[in-house]
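Colleague: Would you mind keeping the following structure in view while I ask a few things?
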Amino acid sequence: MPDSRTPPLENRKNLLAPVLVTFLIVAIAGGIVLYSFSGLGERARAKKLKNPVTATPAALDAARAIYQSRCENCHGANGDGRGPKATELSVAPADFRNARVMGNATDGELYWQITKGARPMPSFESLSEEERWELVTFIRTFAQPAAP
């Protein structure tokens, strides 16, 4: 005699589809929420941004002054990631001389990184947009073209 507490097999099969649909809806909604709060969408959009700053002597001089006061302590005078404070950090600063790595990063990605920061690097949203773009242009001067 079947146990009256257990629903018949047919009823359990009928419940499977609604439970799976509900699970999928919750999973998709959760993924969308996590994606929107993670900044991944913003970073993906930033990747496509074009640098409006031309590498003129004036722009590079302005950026050099900002780099020396805000970046050099960690990234080093020559952009090698070995500034005086680099050893104190939990994550090694980027080596801007690495042509392969720098060649894979778009100007928009560098701009986003400077703007938002990433542990342990602070955000530099306090700089104007132009100053941040000038920094991107200046940072590019450290990387030598990759050998053929």
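The values are calculated or read from the model by the stated rules, or taken from the named source; none is laboratory data. Values in this document were obtained by computation on a predicted structure and should not be read as measured data. Cβ placement follows ideal geometry from the backbone for every residue including glycine, while neighbour counts extend to all protein chains displayed.
Colleague: Across region 37-78, which residue is nearest to residue 120 (Cα to Cα) among those that are surrounded by fewer than 15 Cβ atoms within 10 Å (Cβ to Cβ) and of a type in the set (Val, Ile, Thr)?
Modeller: Filtering region 37-78 for residues that are surrounded by fewer than 15 Cβ atoms within 10 Å (Cβ to Cβ) and of a type in the set (Val, Ile, Thr), the one nearest to residue 120 (Cα to Cα) comes out as 54.
Colleague: Now a separate question. Residue 4 is checked against (1) exposed (fewer than 11 other Cβ atoms within 10 Å of the Cβ); (2) hydroxyl-bearing (Ser, Thr, Tyr); (3) at pLDDT 75 or above and fails just one. What number does that condition carry?
Modeller: Every listed condition holds for residue 4 apart from (3).
Colleague: Looking at 114, 139 in this structure, which one is in contact (Cβ under 8 Å) with a residue 24 or more places away in the chain, surrounded by 12 or more Cβ atoms within 10 Å (Cβ to Cβ) and either of a type in the set (A, V, I, L, M, F, W, C) or part of a loop (DSSP other than H, G, I, E, B) (or both)?
Modeller: Working: 114 fails: in contact (Cβ under 8 Å) with a residue 24 or more places away in the chain.
The unique qualifying residue is 139.
Colleague: For region 117-136, give me each residue that is charged (D, E, K, R), free of Cβ contacts under 8 Å to residues at least 40 places away in the same chain and surrounded by 13 or more Cβ atoms within 10 Å (Cβ to Cβ). Walk me through it before giving the result.
Modeller: The first filter runs over region 117-136 and keeps only residues charged (D, E, K, R), leaving 119, 125, 129-132, 134.
Checking which are free of Cβ contacts under 8 Å to residues at least 40 places away in the same chain leaves us with 119, 125, 129, 132.
Hit for region 117-136 is 132, nothing else.
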